[in-house]
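To keep things clear, I will list the structure first and then write my remarks on it.
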Amino acid sequence: MANQKMLKFVNVDRDMPTKRAPDLRKQDFEEIYSEYAAVKAEEQSSRCSQCGVPYCQSHCPLHNNIPDWLRLTAEGRLREAYDVSQATNTFPEICGRICPQDRLCEGNCVIEQSGHGTVTIGSVEKYITDTAFENGWVKPISPSAERAESVGIIGAGPGGLAAADMLRRQGIQVTVYDRYDRGGGLLTYGIPGFKLEKDVVMKRMDQLEAGGIEFRLNCNVGEDLSFDAIRGKHDAVLIATGVYKTRALQAPGVGAEGVVRALDYLTASNRKSFGDDVEEFDSGALNAEGKRVVVIGGGDTAMDCVRTAIRQGATSVKCLYRRDKANMPGSQREVQNAEEEGVEFVWLSAPKGFTGDAVEGVMVQKMRLGAPDPTGRQMPELIEGSDYIEDADLVVQALGFEPEDLPKLWGVNGLEVTRWGTVKANYGTGETSLDGVYAAGDIVRGASLVVWAIRDGREAAEAIMSYLSNTASVAAE
Ligand SMILES: Cc1cc2nc3c(=O)[nH]c(=O)nc-3n(C[C@H](O)[C@H](O)[C@H](O)COP(=O)(O)OP(=O)(O)OC[C@H]3O[C@@H](n4cnc5c(N)ncnc54)[C@H](O)[C@@H]3O)c2cc1C
Ligand code: SF4
């Protein structure tokens, strides 16, 4: 049994201790944490009623066999639980940490529906795979036979990596190109470390590399290497570049020093946690310490920014959102976390402009909810004469992301995109308008979730395997 006396000093986030009390030695914490996690995983797994109508499974985008790995965990058969869990999910340790489970598996748990609180499926999934890593059960890919065909994957985010993993397992020669210096995409540089520890992502990257996947990092396709060159070099190509164009505010003063973009802010913080030299962080430009911070936006990225600012030691953190709490796009669990950590939400408020050459304040316009739009969502309307100034030393714009214009950026004819600029790809296969070119993840869906990118990557890999086999048999005729 875990040391209960010491456990009470540990901060408990949801049902797991995640932070070390200041007077607790790291080693003691890790020991307690590990014991606690084991007790909790067994306890939670035993709560699964094996209901026979696994809505949790049907609401997991990967259709993970949740009831089976919960049962195996409850019986202490962790190695088998890991085998079942990893059969459908390429990165269970990551999904277990950062899936919005309240909207997916856990939100549809029968026990939750009957009002007794969900089985915490995500934390059990995380526990199973963390245990598998600790015990050396997670082995690098070792294909039974090598194949001559090669696939080029553009983008080392979860979509690209899931496809790389599946293809390599079948002996395909895989090269992943990415413009960043580390793989992982938004797992590495977008999502903050307090939600997803960076060593967890890097451990996975090491495994993939050890399994023979070649990474060409610091390679910006379209600049350092053309798309056509990649296409010419490989038998098939997967585009998994995510969405990175920031939706920008159009307001007077938006160019003021101290009005920054969410991804720049989060990337600087994540880079710092790797121990990198980050000039904009060290100069204070992208560091919230000692500042009054205003974050604009109501999605999960905004929640990551406010919670990062709190951790950096901001003197105050406010989140400005033009609708009310009930209409926020972000997860309610994240809003609750932010509120508990001291973030103040300023509902029904929109930025009208910014004061100061180096930002001093946000001119705020108050809003009310008016008539519904065609989707039924109430539209925010201005309340005339309600303007005021919210003091700020750092303003973070977190209004969402759009796809870059890939056909133009890469000079590719014939790559069809939708009217939103996402790559047009077949549902379930990722096939694009170009022969042998597939697409997966956010660049197809628009800003979405890690678990969907993994599913797309796995499906695209399957379709690429069929394409390669068909091409080989045509060539043999
Ligand atoms: C701040 C933030 C927090 C989030 N939190 C969560 C969360 O808690 N849970 C969740 O499920 N989802 C979360 N998401 C969403 C999730 O991260 C994405 O849906 C997911 O990462 C998409 O995966 P992807 O592989 O399609 O793209 P990405 O992860 O964006 O990876 C794309 C990769 O392509 C590379 N690339 C792009 N263009 C080029 C080019 N021209 N040449 C070479 N390389 C290129 C990029 O460098 C990047 O590494 C969050 C997103 C953000 C921004
Ligand atoms: S992958 Fe996500 S949705 Fe599926 S079981 Fe795991 S935490 Fe739940």
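Laid out as a table, the results:
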{"read-out": "Per-region count, region 196-247, residues within 19 Å of Val417 (Cβ to Cβ) and not small (Gly, Ala, Ser)", "value": "14"}
{"read-out": "Options Tyr189, Tyr177: the member that is touching a strand residue (DSSP E or B) at 6+ places or on another chain (Cβ under 6 Å), of a type outside the set (Gly, Ala, Ser) and more than 30 Å from Glu80 (Cα to Cα)", "value": "Tyr177"}
{"read-out": "Meets criteria (closer than 26 Å to Pro380 by Cβ and aliphatic (A, V, I, L, M)) for Ala285", "value": "no"}
{"read-out": "Residue that is surrounded by the fewest Cβ atoms within 10 Å (Cβ to Cβ) [pool: residues in region 62-97 that are aromatic (Phe, Trp, Tyr) and free of Cβ contacts under 8 Å to residues at least 60 places away in the same chain]", "value": "Tyr82"}
{"read-out": "Test: residue in region 345-359 that is within 18 Å of Glu289 (Cβ to Cβ) and modelled with pLDDT of 95 or more", "value": "yes"}
{"read-out": "Entirely in region 388-447, the strands (runs of 3 or more DSSP E) that have 1 or more residues that are more than 24 Å from the chain's Cα centre (by Cα), hydroxyl-bearing (Ser, Thr, Tyr) and farther than 24 Å from Pro158 by Cβ", "value": "388-391"}
{"read-out": "Residues within region 336-370 that are among the β-branched types (Val, Ile, Thr) and under 27 Å from the mean Cα position of the chain (by Cα), tallied", "value": "2"}
{"read-out": "Of all residues making up region 392-408, the number that are surrounded by 15 or more Cβ atoms within 10 Å (Cβ to Cβ) and over 30 Å from Met328 (Cα atoms)", "value": "2"}
{"read-out": "Hits in region 89-132 - residues which are among the hydroxyl-bearing types (Ser, Thr, Tyr), closer than 15 Å to His63 by Cβ and away from ligand 1 (no atom under 16 Å from the Cβ)", "value": "none"}
{"read-out": "Positions within region 253-290 being within 17 Å of Asp393 (Cα to Cα) and of a type in the set (Ser, Thr, Tyr), in sequence order", "value": "Tyr265, Ser283"}
{"read-out": "Condition met for Pro100 (in contact (Cβ under 8 Å) with a residue 12 or more places away in the chain, under 24 Å from the mean Cα position of the chain (by Cα) and within 16 Å of ligand 2 (Cβ to nearest atom))", "value": "yes"}
{"read-out": "Residue check for Glu390: in contact (Cβ under 8 Å) with a residue 60 or more places away in the chain, within 25 Å of Cys95 (Cα to Cα) and more than 16 Å from ligand 1 (Cβ to nearest atom)", "value": "no"}
{"read-out": "Some residue of region 134-152 being assigned to a helix (DSSP H, G or I) and either among the hydroxyl-bearing types (Ser, Thr, Tyr) or within 16 Å of ligand 2 (Cβ to nearest atom) (or both)", "value": "no"}
{"read-out": "Tabulated pairs, region 37-59, first at positive phi, second more than 12 Å from ligand 2 (Cβ to nearest atom) and assigned to a helix (DSSP H, G or I), C-beta under 8 angstrom, 6+ apart or interchain", "value": "Gln50/Arg71"}
{"read-out": "Condition check for Pro374: part of a helix (DSSP H, G or I) and out of contact with any Phe, Trp or Tyr (no Cβ under 8 Å at 6 or more places or on another chain)", "value": "no"}
{"read-out": "Selection from region 256-294 of residues that are over 18 Å from Ala358 (Cβ atoms) and either buried (at least 23 other Cβ atoms within 10 Å of the Cβ) or in contact with a Pro (Cβ under 8 Å, 6 or more places away or on another chain) (or both)", "value": "Ala262, Leu266, Ser269, Asn270"}
{"read-out": "Whichever residue in region 190-232 is in a helix (DSSP H, G or I) and touching a Leu at 6+ places or on another chain (Cβ under 7 Å) and, among such residues, is surrounded by the fewest Cβ atoms within 10 Å (Cβ to Cβ)", "value": "Leu208"}
{"read-out": "Count of region 103-122 residues which are in a helix (DSSP H, G or I) and away from ligand 2 (no atom under 15 Å from the Cβ)", "value": "1"}
{"read-out": "Residue within region 422-439 that is surrounded by 17 or more Cβ atoms within 10 Å (Cβ to Cβ), in contact (Cβ under 8 Å) with a residue 60 or more places away in the chain and closer than 30 Å to Gly255 by Cβ present", "value": "yes"}
{"read-out": "Filtered residue count, region 393-407, keeping only those that are within 12 Å of ligand 1 (Cβ to nearest atom) and either among the aromatic types (Phe, Trp, Tyr) or more than 30 Å from Lys352 (Cβ to Cβ) (or both)", "value": "2"}
{"read-out": "Condition met for Thr175 (within 16 Å of ligand 1 (Cβ to nearest atom), surrounded by fewer than 24 Cβ atoms within 10 Å (Cβ to Cβ) and more than 22 Å from the chain's Cα centre (by Cα))", "value": "yes"}
{"read-out": "Arg231 being under 20 Å from Gly193 (Cβ atoms) and either away from ligand 1 (no atom under 15 Å from the Cβ) or modelled with pLDDT of 95 or more (or both)", "value": "no"}
{"read-out": "Subset of region 31-86 (residues that are in a loop (DSSP other than H, G, I, E, B) and away from ligand 1 (no atom under 16 Å from the Cβ))", "value": "Cys48, Ser49, Gln50, Cys51, Gly52, Val53, Pro54, His63, Asn65, Glu75, Gly76, Arg77"}
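The values are calculated or read from the model by the stated rules, or taken from the named source; none is laboratory data. Since the structure is predicted, the reported quantities are computational estimates derived from the model, not experimental observations. Positions of Cβ are backbone-derived with ideal geometry, glycine not excepted, and every protein chain shown enters the neighbour counts.
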